[in-house]
Amino acid sequence: MNARNQTDFSPLAGMLEVVGVGVEVPGRSLLQAASAQFMAGQVTAVLGPNGAGKSTLMSLLTGQRQPTGGHVYLAGKALPAYASADLARVRASVAQETQVAFEFTVREVVELGRYPHRRHPGRRDVDVVLQAMQATAVEHLQHRALNTLSGGEKARVHLARALAQVWEPVGGVAGDMPVRWLLLDEPTAALDLQHQHRMLQLVRAWATAQGVGVVAVLHDLNLALRYSDRCVVLQGGQVVGSGATAEVLTPFCIEKVWGVVAHPVATQGGAPGPRQYLFDAPL
Amino acid sequence: MLAGSTQPTPEHLVFMNIRLPRLLLGAAAGAALGMSGALMQGLFRNPLADPGLIGVSSGAALAAGVTIVLGSLWFPDMPRTLGSWALVATAFAGSLLVTVLVYALSQQDGATRVGLMLLAGVAINALAGAGLGYLTFLATDEQLRNIQFWLLGSLGGVRWSAVALVCSMVAVAVGAGFTLARPLNAIALGETQAALLGVPVERVKRFAVLLTALAVGAVTATTGIIGFIGLVAPHCVRLVAGPDHRIVLPGSALLGAALVLAADSAARTMVKPAELPLGVLTAFVGVPFFLLLLRHFRGRL
């Protein structure tokens with residue numbers, strides 16, 4: 001367990017963990033005996049080719065799907081043991097695609113993120129919604145109907161909604177120091193180059209500054225190397241690698257899992273920075 | 001209500017015994033249909049849903065048809081006039097039974113799948129329609145006319161006891177329906193996301209179906225089928241005030257009541273002293289109103 005001792009947050013305090021989970025659907029096995037740990041205060045990338053089981057793993061973490069074998073633990077307690085209303089205040093998720101019915105405006109959608117907190121409504125919610133929209137640069141769209149926006153703008157609105165949902169720490173849910181979680185399934189898929197970086201910088205800042213645990217499915221390995229602390233690599237429903245991203249994502253691993261040859265490129269001026277790759281077109 | 005030493009005037013009697021119960025029943029019917037339409041559209045996340053989709057109306061219609069046609073064969077002594085207690089009770093039971101059937105057919109792995117409910121509703125409605133068709137084939141001319149009038153709906157000839165019962169049921173159902181406003185807003189993001197926001201999705205679905213069945217079942221059993229209000233009232237409110245269910249639910253109840261009362265005044269006065277069937281008028285009043293709004297707000301669609 002390579003915990004990062006330099007942070008104020010003990011990664012074990014609110015660890016999210018899958019232990020030997022399997023998911024079977026009739027005629028098919030989506031995940032087999034997969035184990036992985038996700039730490040508070042870190043960004044963990046979930047990586048793997050199409051159909052490797054990344055979204056299935058995410059659906060176990062959100063509790064949307066129950067494993068047919070194994071367990072999911074949050075802070076040492078089985079996930080189904082928590083009340084969903086409590087979990088909703090510490091865990092927010094953005095799905096790959098969210099279809100919103102009716103012509104809700106951007107602001108109304110972000111306000112829905114405050115749904116689990118509204119036992120004590122007040123001005124605070126208004127501020128949180130505004131700040132969340134500013135954080136993902138969608139406040140200028142706030143009166144537009146969500147369904148009129150582009151894919152990337154929608155993705156930023158849904159991230160703002162998730163941020164609003166776990167905006168501040170709440171007491172007494174997952175032990176003494178409840179950790180908040182952001183579970184993001186391909187958050188950057190529809191975003192332009194700049195917003196891909198901005199979004200990952202944002203969630204990374206949330207992880208390091210606020211101790212939020214971030215789990216993100218990513219396809220861009222260079223983004224994963226740049227912004228994630230750890231990664232879980234899936235292939236054919238099995239975990240084939242996990243640990244510090246820079247250690248796991250070797251050219252050897254990339255060729256084995258994705259069938260693509262990767263060449264490390266030097267960063268500008270040879271400055272120390274995250275490793276980045278140039279990929280050969282597959283044969 | 002007639003207490004007092006002075007003899008009540010005929011106007012007073014007409015108002016108290018004919019106009020007022022009719023007014024209250026119309027308001028209750030419109031409120032129940034409007035709010036249930038908004039509940040169903042929110043639950044199905046589909047603007048084409050209406051209360052009839054879950055079998056409430058077709059169940060009531062089939063049961064009413066059975067009572068009118070077969071009742072005379074099996075229980076020749078039972079009163080079967082429109083508005084009789086026997087007809088109201090069987091129609092209400094029919095609407096609840098068919099709704100329970102549609103709900104049961106939409107269960108999978110302990111959860112209600114609204115997609116299944118939509119299809120099961122369409123199928124069961126078709127079946128009930130066929131059953132009603134067969135009954136009209138068996139019916140005598142008088143029974144046929146009775147069925148036809150029942151299907152077109154009417155607020156006429158109701159008693160205070162029935163009005164009081166329906167109004168109190170609708171009041172409770174509409175009041176309880178308003179508590180579903182915020183959960184339905186969250187369900188607009190999809191059931192999965194709503195559950196992650198802490199919405200007890202399964203409970204909301206069951207409650208919405210129950211309230212619709214009770215409110216619309218009670219109304220339909222008393223008045224017959226009043227079409228179009230449940231579909232059009234929520235749309236009108238959404239076009240004007242946006243999709244927030246905290247406004248759409250009460251707004252649809254109010255607008256539904258207003259539309260039914262407007263349609264009923266027209267039904268009573270247009271071909272005096274006869275009376276047009278209400279179901280015809282709700283479409284005549286509701287459709288132009290709806291199209292007008294569509295024209296005005298088409299930019300928002």
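Laboratory data are not the source of any read-out in this text; all were calculated from the coordinates shown. In this text, all values refer to a predicted model and were calculated from it rather than measured experimentally. For neighbour counting, all protein chains shown are included, and Cβ atoms are generated from backbone atoms with ideal geometry for every residue, glycine included.
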Loop-only check: which GluC sites (Glu not before Pro) in the stretch A:32-138 are DSSP coil with at most 15 other Cβ within 10 angstrom? A:GLU97
Can you bin the stretch B:12-300 into rounded, prolate or oblate? Criterion: square roots of the alpha carbon gyration tensor eigenvalues sorted a ≥ b ≥ c, rounded for a/c under 1.5, prolate for a/b above b/c, oblate for the rest. oblate
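Show that you can apply the helix-only estimate: for chain B, add -39,500 (n - 2.57) for every DSSP H stretch of four or more residues, divide by all residues, and state [θ] at 222 nm to the nearest 500. Intermediate results must be reported in sequence, preceding the final value.
Working: 14 runs with 218 residues, N = 301.
About -24000 deg cm²/dmol.
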Report the longest stretch of chain B that contains none of the trypsin sites (Lys or Arg not before Pro) sitting in a DSSP loop with at most 16 other Cβ atoms within 10 Å. B:160-301
Classify the stretch A:45-192 as rounded, prolate or oblate from the Cα gyration tensor: take a ≥ b ≥ c as the square roots of its eigenvalues, call it rounded if a/c is under 1.5, otherwise prolate when a/b beats b/c and oblate if not. oblate
For the protein assembly as shown, fraction of C-alpha pairs farther apart than 32 Å, in %: 55
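Which helices count as membrane-span-like in chain B under these terms: full DSSP H, at least 18 Å along the axis by C-alpha, Kyte-Doolittle mean of 0.0 or more? Show your work: numbers first, answer last.
Details: long enough: B:20-44 (35 Å, 1.26); B:56-69 (20 Å, 1.79); B:85-105 (30 Å, 2.04); B:114-138 (35 Å, 1.83); B:160-178 (27 Å, 1.98); B:201-223 (32 Å, 1.07); B:245-269 (36 Å, 0.96); B:278-296 (27 Å, 1.83).
Counting only whole DSSP H runs, the qualifying helices are B:20-44, B:56-69, B:85-105, B:114-138, B:160-178, B:201-223, B:245-269, B:278-296.
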